[in-house]
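The values are calculated or read from the model by the stated rules, or taken from the named source; none is laboratory data. Bear in mind that the values here come from a model prediction, so they are computed numbers and not experimental data. So basically every Cβ, Gly included, is an ideal-geometry build from the backbone, and we count neighbours across all protein chains shown. Remember, those area values only see protein heavy atoms, side chains included, never the ligands or the DNA or RNA. Shrake-Rupley method; radii C 1.70, N 1.55, O 1.52, S 1.80 Å.
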Amino acid sequence: MTTSPESKLVISRRSWRMLALALLVTIAPAAKAQDADRDPPSRAARVVEVVGDAWLFDPDTREWTRLTRNQTVAEGDRLRTDERSRVSLRVGSTSVWVDERSDLELSQLDDGHTLLQLDRGDVALRLRTAENVAETRLRTREGTAQPEREGLYRVEQLDRGTKVYVVQGRMRFDWARSAAPVSLGSGEQAELWWPDGPRAERSALYSDGFGDWVLAESREEGDRPVARYVSAEMTGAEDLDRYGRWETAPEYGTVWIPTTHVTADWAPYRNGRWAWSRHWGWTWVDDAPWGFAPFHYGRWVSWGGRWCWAPGPYVHRPVYAPALVGWIGGSHVSIGISIGGRTPPPRYGWYPLAPREVYVPGYRHSPRYVHRVNDPRDVRDPVTVKRPHRYRDAPNAVSTLPVAGGAIGPMPVRGPDRRPEPGWNRPLPTAPGRGDLAAILPAAPVRPPQADQPRQRERDREPGMGWRSDNNNGLPLRRETRREPEAGRSQPAPVQIQPQQPPLSQQTVVQPQRPAFEQPSRGGDGPSWRMQQPQREERREERREERREEPRRVQPMPMPQAEPQRSVQMPERPPMMEQPRRVEMPIRQAPQEPPRMQMPAPQPRPQPQAQPQPQPQPQPAARAEGPQRGSRAPVAER
C-alpha cells in the first residue's frame, strides 16, 4: 500500500504542531528563569545604626567605602567593621547585628533565600516570623547554622572553629563535611571545630559585651506592631508609627505624614545623598531616622499643604526600588558661560513621583519586574503611562546639585514669578550613569590602608559598650573555653593585702596596676570577671585563717613621723607568715636595756622586713622596731 503525497503532508504538519507545542512547554520556564536572572533582587537590607567606622566593599573600584545610616545593603555585598565599631541591619522584620572587627557577606538576599557568610567576627540575628526562619541560614568555615524557630541567635567565627549561641529558640548546625548535625536549644552555646573529626563542646550560655548590647537593642526594638496599612516585611516600616501619623486622604487613601525632621522648605529626596549600587545604580540615602521605607516604596504627594507618603495597596513583600523619582536636566545644559553674575543651571535634578505615576527603572530588568515594582493597574493603563509627571515643573519639589561637590538644594528660580531656567527641566528617560552623576557629587570617603593596624583607642567614646578590643593589647579577644584557658586569665587577680597596720595617714600603699580586663565597665566582659570572683573569695578566706592561727602579740607604738612609702607587689604568703614567727622568738628572752640603747627614739626609719601593727596598750615612753622588742617587758611591769 502506497501513501499519497497529500497524506505525507498532513502527517508532516501534525508533527510540526506537536514539536512546536513541546518546544513552547520547554522554553517557557527557561525564559521565565532568564528574566528572573536579569532582574535585580527584590529585597534589600537597611543600615539602621553605625557605631564607629564600618565599610562597604565596592567591586568596581575595589575600595571600601564608608557605611552610613539608611544605606542599602544588597545581595553579594560585603561589610567590614573596624575596632570598636558595630552595625545594626534590618531586612523586613529580621534584625541583624554585627560586632567589631567582623567581615560579613550577604551571599543571598532575595525572595525565599537569605544566606549570611561570616568570615570573621561575631553576628547576631533575631527572627520574628516562621517564614524568615525557614529561609535564613548563616554559614562559617566549619558549616552552616540553620534556625528552626523564631528567636535570638548568635554565631561567632573563631580562629580554630565556630561558636554558636542560642539565647532563645532552637538552632541546628550542619557540618561542611559529612557528620551528624548538632542541635542547640534556648540557653545553650557550643564551640565546634574539626581537628581530625567533628568536635563540639557544650556549655551554659554566658554573656559578654556584645551579647549585652544585642540584648539591649533587641529589647528596645521589641515586637512593635507595624501599622496595618503596610506589611511588616516592608523594610523600614517599623519606624513609621514613631515618627509620624496616619490619615485618610479622599483621593489617595491612607497616607503617612512625618512629624519630625521636616522643615518649611523640606521636600522628599532632598536631605540626604546618592550612593552607587551595582544592582540598582544610584540609590538614595536619606538623613532622617525614618528615611528608608518612604523613599524606596510607595509615592509622595503634596496634600493639604504638606508632603504625605502614600504606600499604595497592601503587599506582603513589596519590591524594593532604589529611588522612586523622575530625572531632569542632562549634559546639554552643562555647557555655558556665566554672564552678569548668573550661575549656570545645575546639570541634574530629580523630583518625587506622585501616586499612579509609573516608575521606569534605569537598570537591567524584565517586563515582569516593571509590573512588580509598580502598581500593575497603573502599568496596564495607557493614560497613566503617558501622563506627564505632576512635580516635574514644581520648583519646591525639584532638588538639584547647584555646584559640583556642593549640597543638595531646591531648583534655582529667577524673576518675580520664580520660574526655573527656560529649557532646563527637560525630562530624562532614566537615571544618569555612574560617571555622569559622580562627576558632580562629593567624593565618598574610603577606608585608609592603615585601618587594619591597631590604633590608639578613645576610651571615652561609647562607654559601656563592652568592646573586645579593650583586652589583650587591642587585639580581638579570644573567648576562653575549658579546653584552653586564655593567656593572662589563668592566674588569680592581684589582691591588696590588708593586715593590721597603722592608719592610712601613716602608711602609703602603692598597688600594682591591674590589667584592663580585670576592671570591666558596665556591659564589659562579664564572664571573665565572674570567673575571677571565686578565686578572690578563696584568697580572702585563706588570709582570714592565717590571722586566726597567728598568736596575739603586743605591737610597737606608731612612730610620730609617717613611714616612707612602700610598694606592695604581688603578695607571697610564705614570707608574710615567717616574719612574725622570727620576730616573736626573742621577745620574752631579750634583755630590757640593750634595745633602748641600740634603737634610740629619734631614729625615724624602720626596717622594711617588719610590718608594724597597732598596739592595744600604747605607751609613749617605749619605742622599738623590727625584731627588737625588749622594751615591752618594762612596760608590762609598770
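Sequentially through the stretch 114-119, phi angles give Karplus couplings (6.51, -1.76, 1.60; θ = phi - 60°) of 9, 10, 9, 9, 9, 8 Hz, Gly and Pro residues having no value and appearing as x.
Maximal additional length on extending the ARG219-GLU150 stretch stands at 23.3 nm, based on 0.36 nm per residue less the C-alpha distance.
Add +1 for every Lys or Arg and -1 for every Asp or Glu among the other residues with Cβ under 14 Å from the Cβ of ASP241, and state the total. Provide the component values of the computation, followed by the final result.
On the way: positive: ARG224, ARG228, ARG242, ARG245; negative: GLU221, ASP223, GLU238, ASP239, GLU247.
Residues near ASP241 contribute -1 overall.
Model label sites at VAL403 and ARG377, defined 7 Å from Cα along the beta-carbon direction, differ in position by 4.8 nm.
When nucleic acids and ligands are ignored and a 1.4 Å probe is applied, VAL262 ends up with an accessible area of around 70 Å².
Modelled this way, with points 7 Å down the Cα-to-C-beta line, the labels at SER107 and ALA130 are 2.7 nm from one another.
Charge tally for GLY406 (other residues, Cβ to Cβ under 14 Å; Lys, Arg +1; Asp, Glu -1): +3.
On the basis of the beta-carbon distance and an R0 of 45 Å, VAL315 and SER203 show a calculated FRET efficiency of 0.50. Around the amide H of LEU428, modelled in the peptide plane, lie the amide H atoms of TRP327, ILE328, GLY329, all under 5 Å away and 5 or more residues distant in sequence or on another chain. Sorting SER203, SER399 on solvent-accessible area from highest to lowest, probe radius 1.4 Å, gives SER203, SER399.
The HN-Hα couplings worked out from phi for the stretch 68-81 by the Karplus form 6.51 cos²θ - 1.76 cosθ + 1.60 (θ = phi - 60°) are 10, 5, 6, 6, 8, 10, 10, 4, x, 7, 10, 10, 9, 10 Hz, whole numbers, x standing for Gly and Pro.
Which GluC sites (Glu not before Pro) in the stretch 53-132 pass both tests, a DSSP loop state and at most 15 other beta-carbon atoms within 10 Å? Show your work: numbers first, answer last.
Values: sites: GLU63, GLU75, GLU83, GLU100, GLU105, GLU131; in loops: GLU75, GLU83, GLU100.
Those that pass, being in a loop and sparsely packed, number zero.
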